Each structure stands twice: as C-alpha cells, then as structure tokens.
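One structure is given here, and the rest of the page talks about it.
The values are calculated or read from the model by the stated rules, or taken from the named source; none is laboratory data. Just so you know, these numbers come straight off a predicted model, no measurement behind them. Backbone-built Cβ (ideal geometry, glycine too); neighbour counts: all protein chains shown.
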C-alpha cells in the first residue's frame, strides 16, 4: 500500500513510538510494517498504512547516526512576551556560558506546553544533543516528545516522574517561610495573586503558602486567592477587586505579577506600604528599581542555570543523574511591608 495525499498535502510527521501507542502495537512491529523488513502479517501491515493514510501522517523514520551535533537547545516560553522576562534571559545566558566553554552551540526554541513545532525539526534533523526546559507545565508535550526520541534533557522546575532530570529551587519551603514572616507581623487580610495554575511552580508556591497558614493555625480566606493573572490587564482588575475588599497585603506569586500590582496600586493612588503592603514570591531584576523596595524571596538564577547545564552535559555523555537537586533561597524583608 502506498501513502497518497490529496490537495498537495505532504502529511504530518509522526514517530514510530506514537504510531505504536495509537495502534496498541510494539515499536518494532510498526518499524517492520513501514520498512517491509522482517516477519509481519499482511493484516498488521495494512493496519499501519491505513492509519497513516487516513490521518495523513508521514512516519518519521530518520535513523540516528550516533554522531554528536555539539548543539543543545534551551526552551523558552512561547507565549507573547514571556521569553523576554529577566528570569528566562538570565537562565539562557548562564546555560550559554556553560556550554560555550565546553565547545557547544546553544539554540533557542520558543514553545508552549501544547505547541512544540519549533522543537521537532531540530530533533528530526539531528541538530541537537540535548535540551533544557526553563519551566515545567502540566502535560508538556515537549517532555513526552524528547522521552520518546531518547534525547537527553533537564527541566528547571519539578516533575512528577523520577526518570526526568530535575533542578529546582525550594519553592514550597521558601513561600512557607515568607508567608510565616507575614503572619508573624500580624498582617491578617492577605490576598494572593498568581498566574497560570497549570504551571508547576505556581502549584508548589501555593502549597508553601497554605502550609504556613496551617502551621500557624490560621484560616486562609480563599476568596482572596486570585488565579489566572497572566496579563497586566487581568492583574489591574484583580487589584481593583481586592481594594474593595479592604486587603492589608497582596502576596504576588512572581515578579511580573508584582510589577503589575505595584503599577495598579500607583494608578489608584494607593500608598505602599501605608495603605497596602506588597510581597513577591520571587524578586528578580524586574523589581530591582521598584520604590519602595519589595519584600521577596531571592533565588540565584545563574546558579540554577549552571547546575542544569552540568546535569545535561553529563547526561549527553552517558552519565545521567536522576537525583533531583533542590537549591536554596533567602527571605528579604524590605520597605514594602514595613
């Protein structure tokens, strides 16, 4: 059977592993059906080709030569503007410094959890030896794809599977300690504004915040928890609602949200910290010039980029270490809560 596509459609690429999963066959069986080599029934071969033709798929049968490309890629957020945030740029520069010293090129790929079309050509054309994810999101297709293609990779963040190399900050512990400080300052009506709840860093930070309340034996008012603040316009609307509720403090789950909160408060002529206190679960360069200085958690971004690079370098050379590395933090009390 031949694959035929109408209207000039050349077909979408699909891996042997993906075909096997969809048809409940082994990858070896699928490979034999496509290549025509080895023993396989006509019924099974027809089943594979009918599936490919019906869905207009083209099997990706490029054979790996074993030759190293001496390139790795860094995956940055594909959402508009996110890749330019200082956090991701600092990681990128740290990875570049490490791998360029080892004689590697660093390619940049913008991707989302559901769109990895910029990543696939690099893998299919054997242009990279490994990859670093700068964040982790539930159901990330890029992680599944690289696992299937047997490309070494490291995630900066946390992932539920032990067989994924991970480097992260103690997000939960840091947010627990930061929130505990606020509670000990007798700040009672604390609101939280966070971004995408599917981001694993968001989930870990929220766990830390809830843990602080539980340890203090204090009820957390979840009506003051706002999720989905992924754009400045949403942050501004959330702040307006919280001001009507008379909150004493706004705890922002990242620096980008915090900057939006400060801008919204200034727009409404709300004094910080006199009227409302402001705190951030991460205080990177984005908040460096804010006035007043913002109480926050401090992480060493250059360090995590370097550690992730060493982990990936070792994995590329057959020495993968799956022991998760957790880096520390500092709690910085500044004028925004005094």
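Going by the conditions given, is residue 278 assigned to a loop (DSSP other than H, G, I, E, B) and touching a strand residue (DSSP E or B) at 6+ places or on another chain (Cβ under 7 Å)?
no
Take the range 70-103 and flag every residue that is touching a strand residue (DSSP E or B) at 6+ places or on another chain (Cβ under 6 Å) and free of Cβ contacts under 8 Å to residues at least 60 places away in the same chain. Spell out how you get there, then give the answer.
Taking the range 70-103 as the starting set, the residues that turn out to be touching a strand residue (DSSP E or B) at 6+ places or on another chain (Cβ under 6 Å) are 71-76, 78, 83, 88, 92, 95-96, 99.
Selection gives 71, 73, 76, 78, 83, 88, 96.
Looking at this structure, is residue 273 under 25 Å from residue 170 (Cα atoms), at pLDDT 95 or above, more than 25 Å from the chain's Cα centre (by Cα) and not in a helix (DSSP H, G or I)?
No: the conditions fail for residue 273.
Looking at (1) in a helix (DSSP H, G or I); (2) over 30 Å from residue 101 (Cα atoms); (3) at pLDDT 80 or above, which is the only condition residue 80 fails?
(1)
Whether any residue in the range 297-318 is assigned to a strand (DSSP E or B), over 23 Å from the mean Cα position of the chain (by Cα) and buried (at least 17 other Cβ atoms within 10 Å of the Cβ) is what I want to check.
no
Residue 139 fails exactly one of the following numbered conditions: (1) in a loop (DSSP other than H, G, I, E, B); (2) touching a helix residue (DSSP H, G or I) at 6+ places or on another chain (Cβ under 9 Å). What is the number of that condition?
(2)
Within the range 235-244, identify whether any single residue is surrounded by fewer than 16 Cβ atoms within 10 Å (Cβ to Cβ), part of a loop (DSSP other than H, G, I, E, B) and assigned by TED's automatic domain parsing to the domain that holds residue 209, and answer yes or no.
no
Mind checking which residues of the range 197-219 are in a loop (DSSP other than H, G, I, E, B) and either buried (at least 17 other Cβ atoms within 10 Å of the Cβ) or without any contact (Cβ under 8 Å) to a residue 12 or more places away in the chain (or both)?
217, 219
Might you let me know whether the range 5-12 holds any residue that is modelled with pLDDT of 85 or more, surrounded by fewer than 12 Cβ atoms within 10 Å (Cβ to Cβ) and out of contact with any strand residue (DSSP E or B) (no Cβ under 7 Å at 6 or more places or on another chain)?
Checked the range 5-12: no residue is modelled with pLDDT of 85 or more, surrounded by fewer than 12 Cβ atoms within 10 Å (Cβ to Cβ) and out of contact with any strand residue (DSSP E or B) (no Cβ under 7 Å at 6 or more places or on another chain).
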